[in-house]
Amino acid sequence: MLGKKVPAVTFRTRVRDEAVGGPNPFRWQDVTSDDYFKGKKVVLFSLPGAFTPTCSTYQLPDFEKLAGEFRALGIDEIYCLSVNDAFVMNAWAKGQNLENVKVIPDGSGEFTRKMGMLVAKDNLGFGMRSWRYAAVINDGLVEQWFEEEGYSDNCESDPYGVSSPQNILENLKARVAA
């Protein structure tokens, strides 16, 4: 994965637009991989599903809390990606009171598949989802890779640690010190 360019994908997102009016003032907006990654240094973390326990209790809230430390190390954006649609991702972001982390809906799993991280989670009733991983991406190129061990379809466990914000921060700090 190191040195690999992120796949060129168009994400179907929903954005707030007061011009739409009514009780649900959102419109569809296509956002490309270049829109998210070109000319920026970002942390991307991907997880099995919005609203799931590890993701909602630890990973996403900790990235949100530690965003200032990431910015101090030159990270422009922190993105959370999941194989969920824009409605689910936006509801989750709202429920988590996100201000620093931006969510990316990979509803069809195209980006996740092209990253080589799509796995079956039928044992949990999920269908195809993302394996838990994170990456530091600089101008669209993977600079650092953090993949949880045990990558497999219908994995009985949900490993979490390698892709934690604490571990990524430690690695970024070590690079700065080197």
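The values are calculated or read from the model by the stated rules, or taken from the named source; none is laboratory data. In this text, all values refer to a predicted model and were calculated from it rather than measured experimentally. Every residue, glycine as well, gets a Cβ built from its backbone with ideal geometry; the counts of neighbours run over all protein chains shown. To get the accessible areas, we keep the full protein, side chains included, count just its heavy atoms, and leave off ligands, DNA and RNA. Shrake-Rupley method; radii C 1.70, N 1.55, O 1.52, S 1.80 Å.
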Quickly run through segment 146-173 and pick out the residues that are part of a helix (DSSP H, G or I) and open to solvent by less than 60 Å² (accessible area, probe 1.4 Å).
-> P165, N167, I168, L169, N171, L172
Out of all the residues in segment 125-139, which are over 12 Å from the mean Cα position of the chain (by Cα), more than 15 Å from I75 (Cβ to Cβ) and touching a residue at least 24 places away in the same chain (Cβ under 8 Å)?
-> F126, M128, R129
Of residues in segment 63-85 being part of a helix (DSSP H, G or I) and within 13 Å of the chain's Cα centre (by Cα), the one surrounded by the fewest Cβ atoms within 10 Å (Cβ to Cβ) = E64
Scan segment 51-64 residue by residue and report those that are touching a Pro at 6+ places or on another chain (Cβ under 8 Å) and without any contact (Cβ under 8 Å) to a residue 40 or more places away in the chain.
-> C55
Considering segment 119-145 alone, what residues qualify as being part of a loop (DSSP other than H, G, I, E, B) and buried (at least 19 other Cβ atoms within 10 Å of the Cβ)?
-> K121, W131, R132
Of the residues in segment 4-42, those that are closer than 17 Å to N84 by Cα and open to solvent by 80 Å² or more (accessible area, probe 1.4 Å) come to R12, W28, D30
Single residue of G116, G109 found to be under 16 Å from the mean Cα position of the chain (by Cα), open to solvent by 20 Å² or more (accessible area, probe 1.4 Å) and over 22 Å from T57 (Cβ atoms) | G116
Answer yes if at least one residue in segment 154-170 is more than 18 Å from the chain's Cα centre (by Cα) and farther than 20 Å from P53 by Cβ, and no otherwise.
-> yes
